[in-house]
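Following: one structure in structure tokens, then a few remarks.
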Amino acid sequence: MSGETPGAGPRVVGVGADAVERAAESALRPHDLTEFVGQTVVREQLQLVLAAARKRGAPADHVLFSGPPGLGKTTLAMIVAAEMGAPLRQSSGPAIQHAGDLAAVLSSLDEGEVLFIDEVHRMARPAEELLYMAMEDFRVDVIVGKGPGATAIPLELPRFTLVGATTRAGLLPAPLRDRFGFTGFLDFYTPAELVQVLRRSALLLGVQLTVEGAEEIGRRSRGTPRIANRLLRRVRDWAQVRGSGIVDRRAARAALEVYEVDERGLDRLDRAVLEALCRRFGGGPVGLSTLAVVVGEEAETVETVAEPFLVREGLLGRTPRGRVALPETWAHLGLTPPRGSAWQLALQPDDEGRGAGGADPA
């Protein structure tokens, strides 16, 4: 059942003017907390923090957003600046490799300005240590000269708000993490929340999107708004070139088949990992490095891009002996598991008595 009334046409969610593709990404970002979909707990907590700061007439406390890529950390940083009526300065952890780099950025800030550092856990250690004092005391010590004649000159900073974003909260040193006044942990979106995201995006892009089309795209978006918006634009392309121009369930299914996104949201890399694990290694266990070589990707790419989703979906297990295919993996690929359950054997304690919670081999 398609859910459409015969003769009544599809249930259209959003119709608008043609969007300019080059401005699509920025246009789809919410501009305030009322437009932001999902993350209900974080949104309410952040709203209180910002409202209290505005009432005091002071910059907001430093804010840290943590969570997987594509869930809205950068968008929330922009919203913090917009809600506080302050300019936003953007940088990234990998770009700040020296204390002098950070000192130059901090000394150029204006009173109340918001500094956003993406992937803050990747800052160099000297810059990180300089940031401790800047966040807490709003000053930095600039070292002039070298050797015994070096002099530390204290530099007072205007009160600012630091917004940090990280996909690896465990890599943040405790002294840095503790200096953030508010930490928001972003979680994956539900299919219903992704439908809301897609409806809003369709209106902004001028796309005719049916309820069924939105549900189909949302179901395959891995709980991530960024992926949902990207798939919406690709399905729109298919609908305009090969379909009727309306993004309905048929268009979504046909387009996502072209772009190799299956019913559960698995893409080419996901399937390559599972196929290698089952067909080449009999379900495992196999080390991460070996698995990465077989699929032709870097080990870090497999670990950070494919594995989180596969583990969350119950299609991949991480054990002390390596990665293993779970029963649902074989069923999803339409394969029959070999005699003896490799995944059960891998979960047994090893020679040192470690179980599934032991060290995860590379």
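Summary table below
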| read-out | value |
| --- | --- |
| Residue in segment 190-201 that is among the small types (Gly, Ala, Ser) and part of a helix (DSSP H, G or I) present | yes |
| From Ala299, Ala272, Ala276, residue being surrounded by fewer than 18 Cβ atoms within 10 Å (Cβ to Cβ) and either small (Gly, Ala, Ser) or in contact with a strand residue (DSSP E or B) (Cβ under 9 Å, 6 or more places away or on another chain) (or both) | Ala299 |
| Filter result for Leu102 (crowded, with 20+ Cβ neighbours inside 10 Å and out of contact with any Cys (no Cβ under 7 Å at 6 or more places or on another chain)) | yes |
| Residues (modelled with pLDDT of 85 or more, acidic (Asp, Glu) and part of a strand (DSSP E or B)) located in segment 89-142 | Asp118 |
| Inter-residue pairs, beta-carbon under 6 Å, first surrounded by fewer than 18 Cβ atoms within 10 Å (Cβ to Cβ) and in segment 169-194, second assigned to a helix (DSSP H, G or I) and basic (Lys, Arg), 6+ apart | Pro191/Arg219 |
| Checklist (1) in contact with a Lys or Arg (Cβ under 7 Å, 6 or more places away or on another chain); (2) under 25 Å from Val37 (Cα atoms); (3) in a helix (DSSP H, G or I) applied to Asp237, failing item | (1) |
| Where a residue in segment 245-264 is surrounded by fewer than 21 Cβ atoms within 10 Å (Cβ to Cβ) and its partner, wherever it lies, is β-branched (Val, Ile, Thr), with Cβ under 8 Å and at least six apart | Ile246/Val12; Ile246/Thr210; Arg249/Thr210 |
| Candidates Gly164, Gly145, Gly149, filtered to the one that is within 30 Å of Pro126 (Cβ to Cβ), modelled with pLDDT of 90 or more and small (Gly, Ala, Ser) | Gly164 |
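Results for (1) assigned to a loop (DSSP other than H, G, I, E, B); (2) of a type in the set (Ser, Thr, Tyr); (3) modelled with pLDDT of 85 or more, shown as yes or no for each residue.
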site: Gly3; (1), (2), (3): yes, no, no
site: Ser26; (1), (2), (3): no, yes, no
site: Val49; (1), (2), (3): no, no, yes
site: Pro68; (1), (2), (3): yes, no, yes
site: Thr74; (1), (2), (3): no, yes, yes
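The values are calculated or read from the model by the stated rules, or taken from the named source; none is laboratory data. Values in this document were obtained by computation on a predicted structure and should not be read as measured data. Here Cβ is always computed from backbone atoms with ideal geometry, including for glycine, and neighbour counts include all displayed protein chains.
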